[in-house]
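Worksheet: one structure, shown below.
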Amino acid sequence: MRREYTDGGGEDVAAVARAGAAESGVEGLFVLAGESAPFEPTGAEAASNPATWEVDVPVFGGVFPEVIHGGVKTDAGTVVVGLPVTPELQTVTGLDDDSVGIVEQLDPTALERGHETAFVLVDSYAGRVGEFVDRLFDTYGVEVTFVGGGTGSLDGPEGPSLFTDAGPLDAGAVVASTTLSSSLGVRHGWEEIAGPLRVTDSDGRTIQTLDGEPAFDQYSEIVASHAGRSVDPDDFFESAKAYPFGISRVGGEIIVRDPYQVHEDGSIDCFGAVPEGEFVHVLHGDSDRLVSAARAARDEAASGDDTGTAGSEDVTAPEESLFFFDCISRVLYLEDGFSEELGAIGGDGEPAVGALTIGEIANDGHGHLEYYNKTAVVASLTDR
């Protein structure tokens, strides 16, 4: 797939997009922007708004903490990927409003048009991300392979982080379904060090109590015992990035939940919902194990050995169609070791393209759709 990178502003990205759309065989554009890029797709500048680009193919994309291109990561540039098939775009709004229906905004007839693979981008700070992912799976089941992740900045919500050729989208999601065939690899590499702990009180992404005690009290005691140092609630993320929660799934990859903030009442916020009544473990990992997990995800995707959805064992997609979505907090934990993880994803062909997300979206090994944290997701796509 054609891909171009620029560290320029809106005019440069618009020019790259127009050139890409004019290329023979390009039927759609997937735009991935780093949060510090001078391109501001939801800003006031006309050239930064994809609705003004005057291209005759669908455009969709988002702003991420960092993007991946050419074997490196950066927060200061924008990648424009030319897709060889026409993506059919659906937008979902109102993910911060319980009164807005989600299913009613999805079109199940996409299956009738032979759509096998969909890119899914969602505002990571919207309150109903988990519900959206569930409704997406309810609508399409195991007939579609989904891959993508959460958009936005680690600094918190700063306005719309999603866009299409119709303009910016706030507190919503974009589903770009295609006729591309695909196979996935989903691995995290974290190991259980404590638990199970029952989630006795929670509200969406906020865990209030574990085993009937304030969540922070339980969590901090476990982490302090393992790490040999106390957990500072005023610098919570510094400790929490190495100790995520894990929700077990029968026959599937553990669902990692990334804790990022503690409140005065001892409750803990996570990226992604942690339902009341679930049992969670506290996880930990080292860089070698995480890099090995990413390599295993890449090998599974490249082999086409995905038992859940689209893809087949005798077809290997070309290297230029390898997409990589990894969690930004996983990167912060690995620090300089993340270059090893990128190397594990790379191959003899064109390096993977993708983003460092706030939560990853993908089917698990049995087809079910999940919203992950701290997980490496690799997708191998081909037009066949």
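Please treat every number below as a calculation from the coordinates, not as lab data. Worth saying up front: this structure is predicted, and the values here are computed from it rather than measured. Note that each Cβ is placed from the backbone with ideal geometry, even for glycine, and that neighbours are counted across all protein chains shown.
Taking Rh as the Kirkwood radius, which is the inverse of the mean 1/r over Cα pairs, what is the Rg/Rh value for the stretch 172-277?
Looking at the stretch 172-277, the ratio lands at 1.04.
Which of the three applies to the stretch 30-174, rounded, prolate or oblate, going by the alpha-carbon gyration tensor with a ≥ b ≥ c and a/c under 1.5 meaning rounded?
Prolate.
Amide H to amide H under 5 Å from GLY152: which residues, 5+ apart in sequence or cross-chain, H placed 1.01 Å off N in plane?
HN-HN under 5 Å from GLY152: VAL63, PHE64.
Could you give the nm distance between label points at VAL142 and GLU213, where each point is 7 Å from its Cα heading toward the beta carbon?
4.1
Which value, to two decimals, describes the C-alpha radius of gyration of the stretch 147-204 once divided by 2.2 N^0.38 Å?
Compactness ratio reported: 1.71.
Would you kindly state how much longer the chain becomes between GLN261 and TYR5 on full extension, computed as 0.36 nm times their sequence separation minus their alpha carbon distance, in nm to one decimal?
Length gained, GLN261 through TYR5: 88.8 nm.
Compute the label zone of ARG198 within the stretch 252-288: residues whose backbone N is under 20 Å from the point 7 Å along Cα-to-Cβ.
267-268, 274-282
Residue by residue through the stretch 158-173, which ³J(HN,Hα) values in whole Hz follow from phi under the Karplus form 6.51 cos²θ - 1.76 cosθ + 1.60 (θ = phi - 60°), with glycine and proline marked x?
Values per residue, Gly and Pro as x: 9, x, x, 10, 10, 7, 9, 6, 8, x, x, 9, 10, 6, x, 8 Hz.
Between VAL120, LEU332, ALA110, whose Cα lies farthest towards the positive end of the dipole of the chain when Lys and Arg beta carbons carry +1 and Asp and Glu beta carbons carry -1, centred on the Cα centre?
Checking the options against the dipole of the chain, the answer is ALA110.
Residue by residue, what Karplus-based ³J(HN,Hα) values in Hz, rounded to whole numbers, does the stretch 50-65 have, using 6.51, -1.76 and 1.60 with θ = phi - 60° and x for Gly and Pro?
Calculated HN-Hα couplings, in order: x, 5, 9, 6, 6, 9, 9, 10, x, 10, 8, x, x, 9, 10, x Hz.
Report, by chain and number, residues whose modeled amide H sits under 5 Å from the one on ALA273, excluding near sequence neighbours (fewer than 5 apart, same chain).
Excluding prolines and chain starts, which carry no amide H, the hits are GLY130.
In nm, what is the difference between 0.36 nm times the number of residues separating ASP336 and SER292 and their Cα-Cα distance?
Full extension from ASP336 to SER292 adds 14.3 nm.
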